[in-house]
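Peer 1: Here it is: the structure, laid out below.
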Amino acid sequence: MRKDLQKLLTAMVITGAVSAAANAADTQVEAYAHPTLFGSHAHSYATTRANYLVGGEVAKSVNQVSFAGKSNVLIEKTATDVLDVVKTASSTNNSTCNVKMPVLRSELAVILSESFASGRKNVNTQNGYKDVTSAYWADKWIETALETNLMIGYPDGYFRPDQQVTKAEVFATIAQIVDVDTAAVDGINYNGQKIQHIPDWAVNCTKETIASGLLAAVPDQDKVISEEYLTKEQVAYLVSALKTYLATGKLQVAENAPQVVKDYANATVSMKMNSRVNAKHSNVNELFTAKTTKEVTVKGETFPAGSTVTGRIVEVKRPGVHHPGYVKVKFESIKNGKVKVELPETAVGAELAGKKKNPNIVARVFGAPFTATGRVVGIVGRSGAQALNISGDRLEELGDDTSDLFVEPLTGHLGSGIKSGANGVVGVVKGVVDITKTAVSGTFGIVNEVTDELVYLVLPSKSNNASLNPNEEIVVTF
């Protein structure tokens, strides 16, 4: 059994490596619930678009936020995703990124660019700064931050990408973006204490940041007050909160704010689903659509109600006996006529705006037989493939052990030969047991899938938390 586990882990590592190479940062996962009665496994394989794990345990993604009202419908969230970008990108600089360390100017450029100008194509390829070459790990993000006026360099021609950013400088960046009344702010006091390390030039900026309410979202509150620098993690959460407040109207954009921030501020998309998306029936890379119910401006383009939003399924875990499953979605673009804009990679929030809906009984009656048949065929195929794989492994090992049974005694090692022969017999017995377990597990899987589909047919509300159904109204804040 240990050899089986070793082979499985080896195959999964190889699969993961192939998938990572093929997909870069776009690895996607689809997991089927059955056969899982004995925790058995079938083939794992990768394509250029998806990484499929069959019948194994798949951990729910870390970088996600659940739809409010739909706990098992997930969407990529901003703060931790931006931190992952920083960690991944900076690792090419042969350094380990500790999110608890002070944020650098290069990292601040990444956080701001990913948050407000994700997917933007640089207009210029020459930034003019002596210390930022095309080989520098954060070059493209610094280019974007400079072009969009999210950051500026120094008058002496240097950007100083590896310089730590003081807390006061971060507050100045926030103050450039928001327009807030500081009349009610008592000095630079926060949570009853005076914020330390604030020079005279940054007092007003600090007051604006305090009045904005954004500091409440920052981890390690005591250090916000006492330390001279904010950490990478603190800045990521601060900017994520800023996005949320701007998108929901809790904060107003300053008149002199960068245009990309002004364009972003209204990117809250209200829409009604056209498609059915759920953990039971959806598959990785399937596209779905929705129609906007309100006018929205995204990246400077205004889209009227009735515009088409296109999304993609990026991760699925089928519901099983002990877990409800989940589906993870990504909203990719919004289009009206010939005008099309790519939506931001991540969201700061998503919620069900209206009442939960389910496909009507007529639709369910016509759809259920096809899904049930497909699932049964899938389970039979995967179980058969697994049984064939087990047989192949055991026969290969039996051939090796039988070979050793003859070779080792004839070269003077009778004990080793007998042991090899015994291993071959034990391997065959284990193979028979594993195939039997697979057959039982597959049978269990078929019964469970058919039962699940009958429950969906009669009580679709049972799976509603892992689904977005046609005509349901949702709001996504980017």
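The numbers here are math on the coordinates, done by the rules we state, and not lab data. Computed from a prediction, not measured in an experiment: that's the story for all the values here. Ideal geometry is used to build each Cβ from the backbone, glycine not excepted, and the neighbour counts take in all protein chains shown.
Peer 1: Once each part is reduced to its C-alpha centroid, what is the distance from the stretch 231-251 to the stretch 457-471 in angstrom?
Peer 2: Cα centres, the stretch 231-251 to the stretch 457-471: 33 Å.
Peer 1: Report the normalised scattering of the stretch 344-397 as log10 I(q)/I(0) at q = 0.15, 0.21, 0.32 Å⁻¹, calculated by the Debye formula with identical scatterers on the alpha carbons.
Peer 2: Each listed q maps to, in turn, -0.74, -0.84, -1.13.
Peer 1: Can you compute 3J(HN,Hα) from phi for each residue in the stretch 349-363, using the Karplus curve 6.51 cos²θ - 1.76 cosθ + 1.60 with θ = phi - 60°, rounded to whole Hz and x for Gly and Pro?
Peer 2: For the stretch 349-363, the Karplus-derived couplings read x, 8, 8, 7, 7, x, 7, 5, 10, 10, x, 5, 4, 4, 4 Hz, x marking Gly and Pro.
Peer 1: Between beta-carbons, use under 13 Å as the cut-off and find the net charge around His413, counting Lys and Arg +1, Asp and Glu -1.
Peer 2: Spelling it out: positives minus negatives among the neighbours equals -1.
Peer 1: Taking the beta-carbon count within 10 Å as an exposure proxy, list Trp141, Trp201 from fewest neighbours to most.
Peer 2: Trp201, Trp141
Peer 1: Also, quick follow-up: Counting Lys +1, Arg +1, Asp -1, Glu -1, what net charge surrounds Val428 among other residues with beta carbon under 13 Å of its beta carbon?
Peer 2: Summing Lys and Arg as +1 and Asp and Glu as -1 gives -4.
Peer 1: Within straight cross-link reach of Lys87, meaning Cα distance under 20 Å, which lysines are found once same-chain residues fewer than 8 apart are removed?
Peer 2: Output for Lys87: Lys77, Lys100, Lys140, Lys232.
Peer 1: Also, quick follow-up: Can you put Asp393, Asp156, Asp434 in order, fewest other beta carbons within 10 Å first?
Peer 2: Listed from fewest to most nearby Cβ atoms, that is Asp156, Asp393, Asp434.
Peer 1: Arrange Lys167, Lys250, Lys299 by Cβ neighbour counts within 10 Å, fewest through most, would you?
Peer 2: The order, fewest Cβ neighbours first, is Lys250, Lys299, Lys167.
Peer 1: Setting aside same-chain residues fewer than 8 positions from Lys430, which lysines have a Cα under 29 Å from its Cα?
Peer 2: In chain and number order, the partners are Lys3, Lys7, Lys419.
Peer 1: Then there is this: Take the cross-link list Lys207/Lys294; Lys262/Lys355; Lys70/Lys243 and give me the ones stretching past 27 Å between alpha-carbons.
Peer 2: Checking Cα-Cα distances, Lys207/Lys294; Lys262/Lys355 exceed 27 Å.
Peer 1: Taking only the Cα atoms of the stretch 79-264, how large is their convex hull per residue, in Å³?
Peer 2: 116
Peer 1: Okay, moving on. Express the C-alpha Rg of the stretch 350-478 as a ratio against the empirical globular expectation 2.2 N^0.38 Å, rounded to two decimals.
Peer 2: 1.83
Peer 1: Name the residues whose placed amide hydrogens come within less than 5 Å of the amide hydrogen of Lys294, ignoring near sequence neighbours (fewer than 5 apart) on the same chain.
Peer 2: Amide H neighbours of Lys294, under 5 Å, 5+ apart: Ser270, Gly306.
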